[in-house]
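**Student:** Let me give you the structure first, and then I'll get to my questions.
Each value in this text was obtained by applying a stated rule to the coordinates, not by laboratory testing. Since the structure is predicted, the reported quantities are computational estimates derived from the model, not experimental observations. Here the Cβ positions follow ideal geometry from the backbone for every residue, glycine too, while neighbour counts run over all protein chains shown.
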Amino acid sequence: MALAKAGADVAVNYRERANAANAVCAEITGMGRRVIAVQADVSVAADVRRMAAKVEAHLGGVGILVNNAGIAHPRKLEEITEAEWDEVLTVNLKSVFLVTQAVVGGMRQRKWGRIINLSSVAAQTGGAVGAHYAASKAGIIGLTHSCASSLVRDGITVNAIAPALIETDMVTSNPNASPNLIPMGHFGSVDDIASVAVMLAMNEYMTGQTISVNGGWYMS
């Protein structure tokens, strides 16, 4: 919605929550922007290809990509199963690779693009979820650096945002996520992240950066 307010047409991806996606679309339509909701599991290559084709058919080439799919299963190191490890790495990290790969060709042709990847303070501190989650989010930072380097001459910027304990369903359902972990003493809001995403979409001279939005938990 923040990108729509800034003037973008928007594709809203969802996996299961169609009603929530359609509610977002209704608000964006009310802003006078074009919008489409597309069901796809972004950890599955065939779904990603279908999603990209549908978005391009309805809205045109993708100029701004926000990779923000993520799951979190709080676990101690010794409790993480191989299946959980694979699922978290696939959903959180592989999805960024798949969706980026699906749209970057058009960005290169148009010589313009903004790719914004949602990492986490867990990549920097270990976080409050577990080793599988921290590894997936650290991988996003490495992928961001690689993509930024390879696309820097094509008019495409690639940056990451590393939030900490934003007040979402994922955070509030995690018993290990306490505002006491944050020096500011409270959870962040989704608007705190959205404003950074809009800034990165507008900025032409930032690439390969990780923007920390974490209430002072990790300082760089």
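**Student:** For the pair Arg110 and Met31, what calculated FRET efficiency results from E = 1/(1 + (r/R0)^6), where r is the Cβ-Cβ distance and R0 = 35 Å, to the nearest 0.05? Don't skip to the answer; put the middle values down first.
**Tutor:** Numbers: r = 24 Å, r/R0 = 0.69.
Computed FRET efficiency for Met31 and Arg110: 0.90.
**Student:** Nearest 500 deg cm²/dmol is fine: what mean residue ellipticity at 222 nm does the chain get from its DSSP H runs of n ≥ 4 alone, each adding -39,500 (n - 2.57), divided by its residue count?
**Tutor:** My calculation for the chain gives -13500 deg cm²/dmol from helical runs alone.
**Student:** In what order do Glu204, Glu27, Glu84 fall by count of nearby beta-carbon atoms within 10 Å, going from fewest to most?
**Tutor:** Numbers: Glu204 9, Glu27 13, Glu84 16.
So the residues, fewest neighbours to most, are Glu204, Glu27, Glu84.
**Student:** With contacts defined as alpha carbon pairs under 8 Å and 6 or more residues apart, what's the relative contact order of segment 1-121 in percent?
**Tutor:** Working: 142 pairs, mean separation 29.5, N = 121.
Relative contact order comes out at 24 percent.
**Student:** Gap in Å between the Cα centre of segment 122-190 and the Cα centre of segment 1-27?
**Tutor:** If you average the Cα positions of each part, the centres end up 22 Å apart.
**Student:** Using the number of other C-beta atoms within 10 angstrom as an exposure proxy, rank Met107, Met206 with the fewest first.
**Tutor:** On the way: Met107 22, Met206 15.
The fewest-first ordering by Cβ neighbours comes to Met206, Met107.
**Student:** Could you pull out which residues in segment 197-211 have an amide N less than 15 Å from a spot 7 Å beyond the Cα of Val152, following the Cα-Cβ vector?
**Tutor:** Hits in segment 197-211 for Val152 at 15 Å: 204-210.
**Student:** Go ahead and run the numbers for FRET between Met184 and Ala83, Cβ-Cβ distance against an R0 of 41 Å, rounding to 0.05.
**Tutor:** Values: r = 36 Å, r/R0 = 0.88.
Calculated transfer efficiency: 0.70.
**Student:** Next up: Which whole number of Å³ per residue matches the convex hull of the alpha-carbon atoms in the chain?
**Tutor:** Working: hull volume 26.4 nm³, N = 220.
In the chain, the Cα convex hull volume per residue is 120 Å³.
**Student:** How would you rank Leu89, Leu77, going from fewest to most other Cβ atoms within 10 Å of each one's own Cβ?
**Tutor:** Values: Leu89 17, Leu77 8.
Taking fewest neighbouring Cβ atoms as first place, the list is Leu77, Leu89.
**Student:** How long is the gain from His145 to Asn22 if the chain were fully straight, where each residue apart is worth 0.36 nm and the alpha carbon distance is subtracted? Don't jump to the answer; show the numbers that get you there.
**Tutor:** Details: separation 123, 0.36 × 123 = 44.28 nm, distance 3.37 nm.
Between His145 and Asn22, full extension yields 40.9 nm more.
**Student:** Residues with amide H under 5 Å of Val213's amide H, sequence separation 5 or more or different chain, H placed in the peptide plane at 1.01 Å from N; which?
**Tutor:** HN-HN under 5 Å from Val213: Ala162, Ala164.
**Student:** When the Karplus curve 6.51 cos²θ - 1.76 cosθ + 1.60 is applied with θ = phi - 60°, which whole-Hz ³J(HN,Hα) does each residue of segment 75-89 get, with x for Gly and Pro?
**Tutor:** Taking θ as phi minus 60°, the curve returns 8, 6, 3, 6, 9, 6, 8, 4, 5, 5, 4, 5, 5, 5, 5 Hz for segment 75-89.
**Student:** Just add up the charged neighbours of Pro163: K/R +1, D/E -1, any other residue whose Cβ is under 11 Å from the Cβ of Pro163. Walk me through the numbers on the way to the answer.
**Tutor:** Working: positive: Lys137; negative: Glu167, Asp192.
Summing Lys and Arg as +1 and Asp and Glu as -1 gives -1.
**Student:** OK, next. Report the calculated FRET efficiency for Ala53 and Met170 (r = Cβ-Cβ distance, R0 = 41 Å), to the nearest 0.05. Mind showing how you got there, number by number?
**Tutor:** On the way: r = 29 Å, r/R0 = 0.71.
The calculated FRET efficiency here is 0.90.
**Student:** Moving to a separate point now. Non-local amide H neighbours of Val38 (under 5 Å, H modeled in plane, Pro and chain starts lacking H): which ones?
**Tutor:** Here Val12, Asn13, Tyr14 satisfy the definition.
**Student:** Applying the Karplus parametrisation 6.51 cos²θ - 1.76 cosθ + 1.60 with θ = phi - 60° to the phi angles of segment 100-114, what ³J(HN,Hα) value in whole Hz is obtained for each residue in order, glycine and proline being reported as x?
**Tutor:** My calculation for segment 100-114 gives 4, 4, 6, 10, 5, x, x, 4, 4, 4, 7, 6, 7, x, 10 Hz in order.
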